1. Report those strands (runs of 3 or more DSSP E) wholly inside region 168-252 carrying at least 2 residues which are among the hydroxyl-bearing types (S, T, Y).
2. Can you name the residue in region 130-167 that is crowded, with 19+ Cβ neighbours inside 10 Å, within 26 Å of A53 (Cα to Cα) and not small (G, A, S) and is also modelled with the lowest pLDDT among such residues?
3. Of everything in region 108-130, what is more than 23 Å from Q64 (Cα to Cα) and in contact (Cβ under 8 Å) with a residue 60 or more places away in the chain? Give them in sequence order.
4. Could you say whether any residue in region 39-51 is in a strand (DSSP E or B), closer than 20 Å to P238 by Cα, at pLDDT 95 or above and under 16 Å from the mean Cα position of the chain (by Cα)?
5. For region 38-92: of the residues being in contact with an Asp or Glu (Cβ under 9 Å, 6 or more places away or on another chain) and among the β-branched types (V, I, T), which is nearest to L225 (Cα to Cα)?
6. Among the residues of region 76-94 satisfying the criterion of being without any contact (Cβ under 8 Å) to a residue 40 or more places away in the chain and assigned to a loop (DSSP other than H, G, I, E, B), which is surrounded by the fewest Cβ atoms within 10 Å (Cβ to Cβ)?
7. Across region 95-119, what is the number of residues that are in a strand (DSSP E or B), out of contact with any Phe, Trp or Tyr (no Cβ under 8 Å at 6 or more places or on another chain) and buried (at least 20 other Cβ atoms within 10 Å of the Cβ)?
8. Among (1) closer than 30 Å to S175 by Cα; (2) in a strand (DSSP E or B), which single condition is S71 missing?
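The values are calculated or read from the model by the stated rules, or taken from the named source; none is laboratory data. Values in this document were obtained by computation on a predicted structure and should not be read as measured data. No Cβ is skipped: glycine too gets one built from the backbone with ideal geometry, and neighbour counts run over all protein chains shown.
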Amino acid sequence: MKKAAAFLLAVATASCGAPLMKLPAGPGAPAADAADALAQATAACSGIRTLTAEVAASGKVSGQRFRVRLSVGVAAPASARLEAVAPFGPPIFILAANNDEATLLLPRDERVLEHGRSAEVLDAVAGVPLGAADLHAVLTGCAPATAARPEGRELGADWRVLTDATGDALYLHRSAAAQPWQLVAVVSRAWRVDYRDPLNGLPRTMRITSAARDGNAGAAFDLTLGLSQVETNVPLGPEVFRVEIPRTARPITLDELRHARPGVREN
């Protein structure tokens, strides 16, 4: 584990993202057009079953700044593969999840964690508690699947806020009455994502921050993701969401991963 942790620390570097979007507040008024606005805002992403991309990730996790490149593939409803790409040699880690059951391989250490929950495993290795279904929604810039029948409020002529049964709030915005609605932010109980730089209806930049807990405004994670080489609805077979585990790989626990993560590593 020391080699992988040392490499993660080696890629740490100063980085900062654009300020968080200022979202409207207040009780608002019932919005009769909420469902239509959401359908318009998610028209480009709602049909995406799979997405692959190269992701430049930077920001701060547990007080440690970092920058790393990821190769990512996601498939609806809850499959994901992430590889933390190194400038030389094998990946820093490979995480594959299918139906939220995740396997994590650390090729440099020949350590493996099997049968974990994807949000818990990604939180342990990278400090970000997103599950496979969350990753699909976040990377496609689409509403979570639970947002099928949200309640909508109008906050001015060009803002709509929709809240679903889980408490997630979806913020829609348009620049003018004649312009289309766009999903610009999702705020859940654990995290928030802001979307920027849309191209063909899909965002190319997103900022993900953790929700404040117990009145503490300091976020445990604050990430900016820049997507490139994006492809949608390409066939991704089940083998994509499996990890080839070397025979020599030894088990690793969630606690061991957390202690080795930058910012919380015990020296």
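1. Correct list: 202-210, 221-232.
2. Filtering region 130-167 for residues that are crowded, with 19+ Cβ neighbours inside 10 Å, within 26 Å of A53 (Cα to Cα) and not small (G, A, S), the one modelled with the lowest pLDDT comes out as C142.
3. E110, R111, V112, L113, E114, G116, listed by residue number.
4. Among the residues of region 39-51, at least one is in a strand (DSSP E or B), closer than 20 Å to P238 by Cα, at pLDDT 95 or above and under 16 Å from the mean Cα position of the chain (by Cα), which makes the answer yes.
5. V72
6. F88
7. Of the residues in that region, 6 qualify.
8. Result: S71 passes all but (1).
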